[in-house]
Amino acid sequence: MKKWAKFLALAGMASTIALVAAGCGSSQSGASSGKTLNVAALQGGYGKTMYTKVIKEFEKENPGVKVKLTISKSIEDEITPNMKAGKYLDLVVLGQGRQAGLTESLIKDHQLEDVTSVLNMKVPGEKQTVKQKLIPGIIDNLGTNPYGGDKTYLMPMYYAPTGLVYNEGLLKKEGWAVPTTWHEFYALGDKAKAKGISLFTYPTSGYFDSYFYSSLATAGGKSFFNNVMNYKKDIWKSATATKVLDNTGKLLTKYVEPSTVGNANEQDFSKNQQLILDNKAVFMPNGTWIVTEMGSAPRAKGFKWGMMPTPAVKKGDKRYITTSVESSWIPKKAVNKTLAKKFMAFLYSDKAADIFVKSDAVQPINGMAAKVSPDLKEFYNIYKQSDVEAVVGGFASTKPVEGVNIKETMFNTVDSIVSKKTTVKQWQDKINTVSNKLNAAKE
């Protein structure tokens, strides 16, 4: 499931790791040999093996350094008690957008270390700096610089396009064209319904981060998108936001596969993903990690992964594809910061990147997208379409506002829209109220 799940996630785009001082009993000062870095990893779609291999390479290049790995599908449950007890992590790779919201909480509380210096560090064993290896546009955004300045607090890890995933084989079999507008999208939904197939499903409501970021940018362009991310007053009452919510409401109330909500949780989400492989639903929001995550699952004859951006209002409009980006960060109260930064830089080495990409986790390093597996090439080729542009989602940080969480209000309400416990108008009012409160709390 996406780490933010669900990049990554990107979101996550969710395939995240947290490097944790779980034991916190070893001596931790400096980056010399004889030190221990405790590592905890979310067991997401990319699996466990790549982490153990990267750790072995780091230990090989740093004699005397020991990295311990803890891996779990609910890593926040393991991290949070230690932090509350004063046992702080060394380094964390954990994206935003997960239900626990740990990364977001630490950002709001200003509990992350400034890691701008890592960008100018030479990658261990290589001649280039970390910054020189990164693809254009992956840093200096709200995802890496959450306070809007020039200081980086979160380093970008795996990046992946996240959009509406589907079975190309089903569309080919039925003679259906890939829709580009909402009108075409719903027309296809009516054709599918006539054959007993639902137009849409989703793993969990958290996956609507990628859906909303791209939908907002496609509907109103980058300027409108940035206004939403920065909580412009009453932006959610605008005609553009209303159109996005109305289209979403129609999708959720008329075209969602009936069993979706019952399985839209962290235990049963794969049942919703299986609906795509069984041709019981046509589209779902997801990212590249789905290929590995459902790699051994049964599938319909002729199945082939495909991905499209969310639809446009008008034919020919530019469409945006949400790029899920995982994040690595160091807690401000970490003890072993020097070694943590060295490990952070190592994550961008060719050795590490080549290990990651074999598990379909693509580091945002120049040239890495060319090394992806054949199943993923179709996904990354989406960036080559002339009418498609990447967008990295991420709300601006604000001072903490008690009881206010815009992502929770936007995404978690999806289930109650499907079940019709909440109307689209009520949803819009709630989002706008929360956005305005955060506008007043901007740093």
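The values are calculated or read from the model by the stated rules, or taken from the named source; none is laboratory data. The structure displayed is predicted, hence computed values, not measured ones. Cβ: placed from backbone, ideal geometry, glycine included. Neighbour counts: every protein chain shown. Ligands, DNA and RNA are excluded from the accessible area calculation, which covers all protein heavy atoms including side chains. Shrake-Rupley method; radii C 1.70, N 1.55, O 1.52, S 1.80 Å.
For the residues Asp360, Asp317, Asp354, Asp375, the requirement of being on the phi > 0 side of the Ramachandran plot and either assigned to a loop (DSSP other than H, G, I, E, B) or surrounded by fewer than 23 Cβ atoms within 10 Å (Cβ to Cβ) (or both) singles out Asp360. Scanning the range 259-284 for residues that are of a type in the set (A, V, I, L, M) and either modelled with pLDDT under 95 or under 12 Å from Val165 (Cα atoms) (or both) returns Leu275, Ile276, Leu277, Ala281, Val282, Met284.
Limited to the range 409-443, what total is found for residues that are of a type in the set (Lys, Arg) and assigned to a helix (DSSP H, G or I)?
Residues meeting the conditions: 3.
All of Thr322, Thr338 fail the test of being modelled with pLDDT of 90 or more, in contact with a strand residue (DSSP E or B) (Cβ under 8 Å, 6 or more places away or on another chain) and β-branched (Val, Ile, Thr), apart from Thr322. Regarding the range 192-202, can at least one residue be identified that is under 25 Å from Ile406 (Cα atoms), of a type outside the set (Asp, Glu) and open to solvent by 10 Å² or more (accessible area, probe 1.4 Å)? No; the residues of the range 192-202 include none that is under 25 Å from Ile406 (Cα atoms), of a type outside the set (Asp, Glu) and open to solvent by 10 Å² or more (accessible area, probe 1.4 Å). Scanning for something outside any helix (DSSP H, G or I) and either at positive phi or surrounded by fewer than 16 Cβ atoms within 10 Å (Cβ to Cβ) (or both), does the range 248-257 turn up at least one residue? No, the conditions are met nowhere in the range 248-257. Checked against (1) modelled with pLDDT under 95; (2) farther than 23 Å from Val357 by Cα, Ser419 meets all criteria but (1).
When the range 320-336 is filtered for residues that are more than 19 Å from the chain's Cα centre (by Cα) and over 20 Å from Ser105 (Cβ atoms), the ones remaining, listed by number, are Val335, Asn336. Looking across Ser270, Ser259, one residue alone is within 12 Å of Pro203 (Cβ to Cβ) and either among the small types (Gly, Ala, Ser) or touching a Lys or Arg at 6+ places or on another chain (Cβ under 7 Å) (or both). It is Ser270.
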